[in-house]
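Undergrad: First the structure, then my questions, so here it is.
The values are calculated or read from the model by the stated rules, or taken from the named source; none is laboratory data. Everything quoted here is computed from the prediction, not taken from an experiment. For neighbour counting, all protein chains shown are included, and Cβ atoms are generated from backbone atoms with ideal geometry for every residue, glycine included.
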Amino acid sequence: MSDIPLLQFMAVNTYYGDLHVLKDVDYTINKGEIVVLLGGNASGKSTTMKTIMGVVQPRSGRVLFEGTRIDQSATAARVKRGIMPVLEARRLFPRMSVFENLEMGAYTRRSKAEFAADLELVYALFPRVKERRGQLAGTLSGGEQQMVAIGRALMGRPKLICMDEPSMGLSPLFVEQVFATIQDINRQGISIFMVEQNAAMALSIAHRGYVLQTGRVVLSGSAADLAANPAIQDAYLGEMVVD
Amino acid sequence: MITPIELFAQQAVNGLSLGAMYALLALGFTLVYGILELINFAHFNVFMIGSFVGLIVLQALGIAGQSVVLHGAPLIFALLLALIVTMLVCGILGVLIERFTLRPMRGVRGPMAMITTIGVSYILYNVVLLATNAQALNFPDPLATQDFDIHHVVIRAKQILIWIISLILMVGLDQFVRRSRLGKAMRATAQDAEAARMMGVDVDRVVSTAFFAGSALAGAAGLIFGLYYNFTQYSIGYSAGLRAFTAAVLGGIGNVPGAMLGGILIGLIETMSSQYIATKWADVIIFSILILVLVFKPAGLLGALAPNRS
């Protein structure tokens, strides 16, 4: 394994108009890692995800993927390099079938043979998705939608999946299932960068974590250290976070 | 003596022909609205330009006056060439309008983009007004004498031609949007543009495609207008465009089958109210029905499909 990090933020500053959202942010995601990003509302977590995907561009600083600068490249180019999103609230295409949603995940990849192979993998991982493949995505339950959202990301054969709140709106039972699936995917060599409200659960499967506060990284370290940190326990682990 | 049923059938034949033209025109409104949530008023006059492009092509083929009647292969060749050139020219015109007047203000909220389309519409209108000295021009009628009479119901060859062209184009568009890679990207973009972009969709290309397809269909509708009414003029975009826009809203704006249904209904309502009430009341009736539908079913008959905004 090479020691070039998979994804790197170097002193990234992102703005929405005059609003300074990410302030001199540094992250490093290594190959094979699950890294969790914790933080309160409006701390810049979703902006981090959008900056990785190229939906917003940083005003200064660099974003590197496998050592190559990507902060000025188009979103499609980043997808082609192997970055796929699992978006907050799933964001499936509601009036397209489950199968068509999976096709959209493979949009930048033209090989039919690879598509068929990836589809089999997703169906094996989520037999439920296979059952529902002809159904409109908007008619699925929240849990089923999350399976499709993860499946859609896998259809892009990603090296890195960026997940924004994968447990949001799911029943507790299903949350456990989703996190188990995330671990499964990670064991296949796909790195995960995840924003998550459910800090306890996220830290239990993550290797490392960052804590973001009003746009600055205020803490970082191994998942075990973060889980044991009193400040983290107070802020994110002590209480149930209810939306 | 023509019976009431034959009279009704005759008006249905006429209404279906007009309706097919409105449906083609309505599709352009709906495709663009579905993706950009923008009402494109330039579409009215892309349609008008289409009738002139068709006229120029037919004239270039030597089919100048209304006395030239063709048969067989030369007829099919002339019409096919006119259709293809008209659709290409209008499609490219639509893409250029989007590229140079609308794309620069993408993401600007409010009615500015819509007002820009009104401005573009007036530019096209005035260019043709000046170029033609505001004259109405004769449009060739190469199928003039080829009519069928079934129990006093006259079906004119050009009506059959209109149905065939419209059917092929509508089925083609439907299949394109349903099955092709770009068509799926169009639907995905209409449903969630940001998510589509993060799947690797080039949203600019999708928007260009929507403008090309919609404007090409408007071109076909413009050619049909000329063949049907045997004239064209700088001002034809307004009334036909407004009725087609009404058709799109009636069927559910943003909804492709809705635009087809709405177009056919508006065509039928227009001919039926002209027959049974009075021609001068046709527009009043069309827009009254629109208002009634929108009061009781605000999303239109098949449901409006606006883009999701996050």
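Undergrad: Is one or more of the residues making up region B:72-94 β-branched (Val, Ile, Thr), within 22 Å of B:Trp163 (Cα to Cα) and without any contact (Cβ under 8 Å) to a residue 12 or more places away in the chain?
TA: Yes, because at least one residue in region B:72-94 is β-branched (Val, Ile, Thr), within 22 Å of B:Trp163 (Cα to Cα) and without any contact (Cβ under 8 Å) to a residue 12 or more places away in the chain.
Undergrad: Consider A:Gln135 carefully, then state whether it is polar (S, T, N, Q), buried (at least 21 other Cβ atoms within 10 Å of the Cβ) and outside the structural domain of A:Tyr16 (by TED's automatic domain parsing). Before the answer, list the steps.
TA: Working: polar (S, T, N, Q): yes; buried (at least 21 other Cβ atoms within 10 Å of the Cβ): no; outside the structural domain of A:Tyr16 (by TED's automatic domain parsing): yes.
No: the conditions fail for A:Gln135.
Undergrad: Sticking with this structure for a sec: Take region A:126-142 and flag every residue that is farther than 19 Å from A:Met168 by Cα, of a type outside the set (A, V, I, L, M, F, W, C) and not in a helix (DSSP H, G or I).
TA: A:Arg132, A:Arg133, A:Gly134, A:Gln135, listed by residue number.
Quick grid of which residues meet (1) touching a Ser or Thr at 6+ places or on another chain (Cβ under 8 Å); (2) not assigned by TED's automatic domain parsing to the domain that holds A:Glu33:
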residue: A:Gly151; (1), (2): no, yes
residue: A:Asp164; (1), (2): yes, no
residue: A:Phe174; (1), (2): no, no
residue: A:Thr181; (1), (2): no, no
residue: A:Asn198; (1), (2): yes, no
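Undergrad: Where the second residue is acidic (Asp, Glu) and crowded, with 23+ Cβ neighbours inside 10 Å and the first is within 7 Å of chain A (Cβ to nearest Cβ) and under 16 Å from A:Pro158 (Cα atoms) and lies in region B:191-204, which pairs have Cβ atoms under 9 Å and are six or more apart or on separate chains?
TA: none
Undergrad: Could you look through region B:205-225, keep only residues that are touching a residue at least 40 places away in the same chain (Cβ under 8 Å) and either within 14 Å of chain A (Cβ to nearest Cβ) or polar (S, T, N, Q) (or both), and pick out the one that is surrounded by the fewest Cβ atoms within 10 Å (Cβ to Cβ)?
TA: B:Ser208
Undergrad: Do any strands (runs of 3 or more DSSP E) entirely within region A:1-108 hold 1 or more residues that are within 13 Å of another protein chain (Cβ to nearest Cβ) and surrounded by 21 or more Cβ atoms within 10 Å (Cβ to Cβ), and if so, which?
TA: Values: elements: A:7-16, A:19-29, A:34-39, A:60-65, A:83-86.
The strands (runs of 3 or more DSSP E) meeting that bar are A:83-86.
Undergrad: Next question. When residues of region B:288-299 are filtered for being closer than 10 Å to B:Leu250 by Cα and either surrounded by 13 or more Cβ atoms within 10 Å (Cβ to Cβ) or in contact with a Cys (Cβ under 7 Å, 6 or more places away or on another chain) (or both), how many remain?
TA: Going through region B:288-299 one residue at a time, the tally reaches 6.
Undergrad: Just to be sure I understand, how many residues within region B:229-271 are closer than 17 Å to B:Met48 by Cβ and not in a helix (DSSP H, G or I)?
TA: Matching residues across region B:229-271 total 6.
Undergrad: Go through region B:226-248 residue by residue and tally those that are buried (at least 24 other Cβ atoms within 10 Å of the Cβ) and without any contact (Cβ under 8 Å) to a residue 60 or more places away in the chain.
TA: The qualifying residues number 1.
Undergrad: Right, another one. When you scan region A:155-178, do you find a residue that is part of a helix (DSSP H, G or I), surrounded by 15 or more Cβ atoms within 10 Å (Cβ to Cβ) and modelled with pLDDT of 95 or more, even just one?
TA: No, region A:155-178 contains no residue that is part of a helix (DSSP H, G or I), surrounded by 15 or more Cβ atoms within 10 Å (Cβ to Cβ) and modelled with pLDDT of 95 or more.
Undergrad: How many residues are aliphatic (A, V, I, L, M) and farther than 25 Å from B:Gly300 by Cα if we restrict to region B:221-257?
TA: Going through region B:221-257 one residue at a time, the tally reaches 4.
Undergrad: Another question, if that's okay. Based on this model, can you work out whether B:Ser274 counts as surrounded by fewer than 22 Cβ atoms within 10 Å (Cβ to Cβ), at pLDDT below 95 and part of a helix (DSSP H, G or I)?
TA: yes
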